[in-house]
Amino acid sequence: MKRKIIKQGHNTLTITLPSEWSKKLNLKAGDEVDLIEDSGSLVINGKQHNSFKSTVIDITGFSVPMLWRFFQGAYREGYDEIKIKYDSSIKDYEGVYNYYATHFGYSRLGENLTKKQPILEMLTEFVNRFIGMEIIDNREDYCIIREMGEVSSKEFDNSLRRVFLLILDLFDKIISFIKNNRIGDISICKTIHAMDINVDRFIDYCLRINNKIKDSSFNKNKPIMFSTLFLLELLGDEFKYLGTHLAKSKKKVDEVLPFAETIKEHFEMYYRLYYKFDREIAIKFGQNDFKIYNDHFKWKDAKNDDAKSIRQHFMQISKFIFCLMELRIEMEF
């Protein structure tokens, strides 16, 4: 639709708002709307009247990973209420955390958890993983999960900062295990897995806020921020693989300690640049990345297979950091 620009006063230009759009959002004289500049476009957002979003997920026949993916997708997309439907004839369900313990890494290290749970107990454990969501009603064949409270840009900033600090904690924990020769112990897996779950919680929450908030502070970098959070999640997952290698290792792996500390310093440099971009430090970051790449290939003939595997995961982390830096540079334009 087109609107004619009207001159009012000496320097003021105005246009009229479409009446149907204004009525749908219940806008009236004196209300505030958010204006978003986007190159040659101006987006008018009546965000204070955002509609309540709800959806239904039928989990009948779902495996645990499929339950995760569907609920996580709805959560990240910003749904306020999610109704979970299930088969009332099924009395016991596999716990969402036990599933990964019995089907993946823990089972290969001797862990055997087979406890079944009633549906409400399983879903309560599951929903607690997602910040801000609570089960508000449950019946024989469904339960309703709703967001309690409202998201804000301040919560996004606090949660993103928390993600960075939790990843630094993962670096410190893994480096401490290597330095103190903590190997061959399943508790290493469990410790790192629990820490990574917390990283994922805050990343999902940031993605949810990024999708829900429509004002100008989020509009410009939404796609870049989605990619940044996705890469931070993949980076965090590498620590789970590091924990598994340490738990299965039969030999000391302290030879990788200098490389691990170098990768941590590389992430710290990106972290600082994310919040305060500096051209000279960015140049140094690029030099460090080139040095890391060259140093890694000096170890391709190392004989300690455990150390080589651990080193490879640190190298993968460095690649994620480089990609994150590319996205941060893009934010400058």
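Taken together, the values in this text are just the output of simple stated rules run on the coordinates, not laboratory data. Note that this is a predicted model, so its numbers are computed, not measured. Heads up, the Cβs are rebuilt from the backbone with ideal geometry, glycines too, and the neighbour counts pull from every protein chain shown.
With 0.36 nm allotted per residue and the present C-alpha distance subtracted, the Asp172-Lys2 stretch has 55.4 nm of extension available. Classify the range 153-330 as rounded, prolate or oblate from the Cα gyration tensor: take a ≥ b ≥ c as the square roots of its eigenvalues, call it rounded if a/c is under 1.5, otherwise prolate when a/b beats b/c and oblate if not. Judged from the Cα gyration tensor, the range 153-330 comes out oblate (a/c at least 1.5, b/c at or above a/b). Rounded to the nearest 20, the size of the Cβ-charge dipole of the range 156-217 about its Cα centre is 60 debye, with Lys and Arg at +1 and Asp and Glu at -1. Along the axis of the charge dipole computed for the chain (Cβ charges of +1 for Lys and Arg, -1 for Asp and Glu, origin at the Cα centre), the listed residues Ser187, Tyr75, Leu160 are led at the positive end by Leu160. Note: relative contact order over the chain, using C-alpha pairs below 8 Å and six or more positions apart, is 15 percent.
By definition, a body whose alpha carbon gyration tensor gives a ≥ b ≥ c is oblate when a/c is 1.5 or more and a/b is not larger than b/c, and the chain fits this oblate description.
Compared with the dominant Cα axis of the chain, that is its longest principal axis, helix 257-275 is turned about 10°. Since only Asn210, Phe239, Met269 are under comparison, the one whose Cα sits farthest along the positive direction of the charge dipole of the chain, derived from C-beta charges on Lys, Arg, Asp and Glu, is Met269.
Taking other C-beta atoms within 10 angstrom as a stand-in for reagent exposure, Tyr142, Tyr205 fall in the order Tyr142, Tyr205, fewest first.
Computed from point charges on the beta carbon alone (+1 for Lys and Arg, -1 for Asp and Glu), the dipole magnitude for the range 153-330 about its Cα centre is near 120 Debye. Averaged over residues, the count of other Cβ atoms within 10 Å places the peptides 29-35, 197-203 in the sequence 197-203, 29-35, highest first.
Here the Karplus relation 6.51 cos²θ - 1.76 cosθ + 1.60, evaluated at θ = phi - 60°, turns the backbone of the range 52-57 into coupling constants of 6, 9, 9, 8, 10, 10 Hz, with x for every Gly and Pro. Pairs over the 26 Å Cα-Cα cut-off, from the set Lys53/Lys319; Lys179/Lys276; Lys85/Lys154; Lys173/Lys248; Lys4/Lys24; Lys264/Lys291: Lys53/Lys319; Lys179/Lys276; Lys85/Lys154. Taken about its Cα centre, the chain carries a charge dipole of roughly 520 debye when the Cβ of each Lys and Arg holds +1 and the Cβ of each Asp and Glu holds -1. Exposure proxy shown here: for Tyr274, Tyr86, the number of other Cβ atoms within 10 Å sets the order, fewest to most, as Tyr274, Tyr86. Secondary structure note: in the chain, about 80% of the DSSP beta bridges are antiparallel.
Taking each DSSP H run with n ≥ 4 as -39500 (n - 2.57) and averaging over every residue of the chain yields -19000 deg cm²/dmol at 222 nm.
The phi torsions of the range 288-297, fed into the Karplus equation with coefficients 6.51, -1.76 and 1.60 and a -60° offset, translate into couplings of 4, 4, 5, 5, 4, 4, 5, 4, 4, 6 Hz, rounded to whole numbers, with Gly and Pro shown as x. Averaging the Cα positions of each part gives two centres, and for the range 123-151 and the range 237-254 these lie 35 Å apart. Positive end of the dipole of the chain, charges at C-beta (+1 Lys, Arg; -1 Asp, Glu), about the Cα centre: which of Ile5, Val33, Thr228 has its Cα farthest in that direction? Farthest towards the positive end: Ile5.
Diffusion coefficient (Stokes-Einstein, Kirkwood radius over C-alpha pairs, 37 °C, 0.692 mPa s) for the range 220-302: 217 µm²/s, rounded to a whole number.
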